[in-house]
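> Handing you this structure, nothing more for now.
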Number of protein chains: 2
Amino acid sequence: MDYTVKSASGYDEKIGELVFMLEHVREGTLQATSGLNLEQLDSMGHGMANSAGALLAHIASIEKVHQLISFENRDFNDAELKEWGTAIELGANAREIICGYPLAHYTEKLASVRAVTLRELKAKNDSWLYGERRWPNGVAYNMYYLWFHVLEDEISHRGQIRSMAGRLLEVEERV
Amino acid sequence: MDYTVKSASGYDEKIGELVFMLEHVREGTLQATSGLNLEQLDSMGHGMANSAGALLAHIASIEKVHQLISFENRDFNDAELKEWGTAIELGANAREIICGYPLAHYTEKLASVRAVTLRELKAKNDSWLYGERRWPNGVAYNMYYLWFHVLEDEISHRGQIRSMAGRLLEVEERV
């Protein structure tokens, strides 16, 4: 792990710092789930609404939709919604559908989405980051916020995965 | 909520953006816990290691120790460790000691620690943010990383509080 925030090489300055943060957070997400087997990925833990696997799929889906919004100024089309909708929404459908996969299924999806993010961000400059648009309800946002929110969402769900993974491993040790 | 990342007024540019993020995240933390009563703040939820109240105290303690490290280049002294140590460490002691307080106890502590953070950051410039030091084990870090980590830690525990608060409110509705 690198504990000096600095602009990742190959990017405009602030975008590069954002990339440092995105990659740093991802490293922590991969550490939090490293070694979880299929059963642990599907397990909800007592009273948890979502499995660790579903949360990993959700993290990838949130990054994907923020690509569409920020790079293409659009939401999911029907085909994309079919592919990503369950992971975005979580809840009952996700519990039923997003299970039975090994860790690599999730990490490969995370990596392939991330590759697009990095390629696109490389082509942008810092002034793009401050570009403002409005949601349909009139509320303003900028591109910086969208990518800050991708970070925020991943860290938040990683916190949930960590408390779950801690418990799953404890149970494992007691058995 | 403001969804355009921009430098908070009165700060150097990048520090101001960090302040925007710190304040934005805090707003979410206060929303996530708004309305929790004493019993809900003390409740662990099934299988959770820490109560929502203990996590709020932890968020304040993490910000406090990062003030000492970044602004004073030191760790807790004995008196401070006595005051903050349980919240920093969480776990069994926190479960026993950090309970029986209403929400205002936690939000007042969060606010008083935050006031010091903002006052100190106002006096710094962006080059301070990139200043590097080394941990006793030789690993380098910069001030930017320390404050990014304060953000990261709060968001992560807020994610745990959210999954717990969701459950506590569901239970409430079923009763």
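> Restricting segment B:68-79 to residues that are over 16 Å from the mean Cα position of the chain (by Cα) and not in a loop (DSSP other than H, G, I, E, B), which is nearest to residue B:15 (Cα to Cα)?
Among those residues, the one meeting the criterion is B:71.
> Taking residue A:56 as the residue in question, decide whether it is touching a residue at least 60 places away in the same chain (Cβ under 8 Å) and buried (at least 21 other Cβ atoms within 10 Å of the Cβ).
For residue A:56, the condition - touching a residue at least 60 places away in the same chain (Cβ under 8 Å) and buried (at least 21 other Cβ atoms within 10 Å of the Cβ) - is met.
> Any idea how many residues of segment B:136-161 are more than 7 Å from chain A (Cβ to nearest Cβ) and under 21 Å from residue B:58 (Cβ atoms)?
Number satisfying all stated conditions: 8.
> Which of the helices (runs of 4 or more DSSP H) contained wholly in segment A:80-175 include at least 3 residues that are in contact with a Lys or Arg (Cβ under 8 Å, 6 or more places away or on another chain)?
A:103-122, A:143-174
> Going residue by residue through segment B:97-118, is there one that turns out to be modelled with pLDDT of 95 or more, within 14 Å of chain A (Cβ to nearest Cβ), closer than 18 Å to residue B:16 by Cα and buried (at least 16 other Cβ atoms within 10 Å of the Cβ)?
Within segment B:97-118 (the criterion being modelled with pLDDT of 95 or more, within 14 Å of chain A (Cβ to nearest Cβ), closer than 18 Å to residue B:16 by Cα and buried (at least 16 other Cβ atoms within 10 Å of the Cβ)), the answer is no, since none of the residues qualifies.
> A follow-up question, please. Being away from chain A (no Cβ under 11 Å) and in contact with a Lys or Arg (Cβ under 8 Å, 6 or more places away or on another chain) is the filter here; which residues of segment B:24-55 pass it?
The answer is B:26, B:51, B:54.
> Which ones in segment A:128-171 are over 14 Å from residue B:2 (Cβ atoms), aromatic (Phe, Trp, Tyr) and buried (at least 19 other Cβ atoms within 10 Å of the Cβ)?
A:147, the sole residue that qualifies.
> Regarding residue B:58, is this residue under 20 Å from residue B:131 (Cα atoms) and assigned to a helix (DSSP H, G or I)?
no
> For residue A:94, state whether it is more than 22 Å from residue A:18 (Cα to Cα) and either touching a residue at least 24 places away in the same chain (Cβ under 8 Å) or open to solvent by less than 10 Å² (accessible area, probe 1.4 Å) (or both).
yes
> Something else: If I filter segment B:1-46 down to residues being open to solvent by less than 40 Å² (accessible area, probe 1.4 Å) and part of a loop (DSSP other than H, G, I, E, B), which single residue comes out as farthest from residue B:160 (Cα to Cα)?
B:11
> Just one of the numbered conditions (1) more than 14 Å from chain B (Cβ to nearest Cβ); (2) over 29 Å from residue B:160 (Cβ atoms); (3) of a type in the set (D, E, K, R) is not true of residue A:133; which one?
(1)
The values are calculated or read from the model by the stated rules, or taken from the named source; none is laboratory data. Worth saying up front: this structure is predicted, and the values here are computed from it rather than measured. We place every Cβ from the backbone using ideal geometry, glycine too, and count neighbours over all the protein chains shown. We work out accessible area using only protein heavy atoms, side chains counted, and drop any ligands, DNA or RNA first. Shrake-Rupley method; radii C 1.70, N 1.55, O 1.52, S 1.80 Å.
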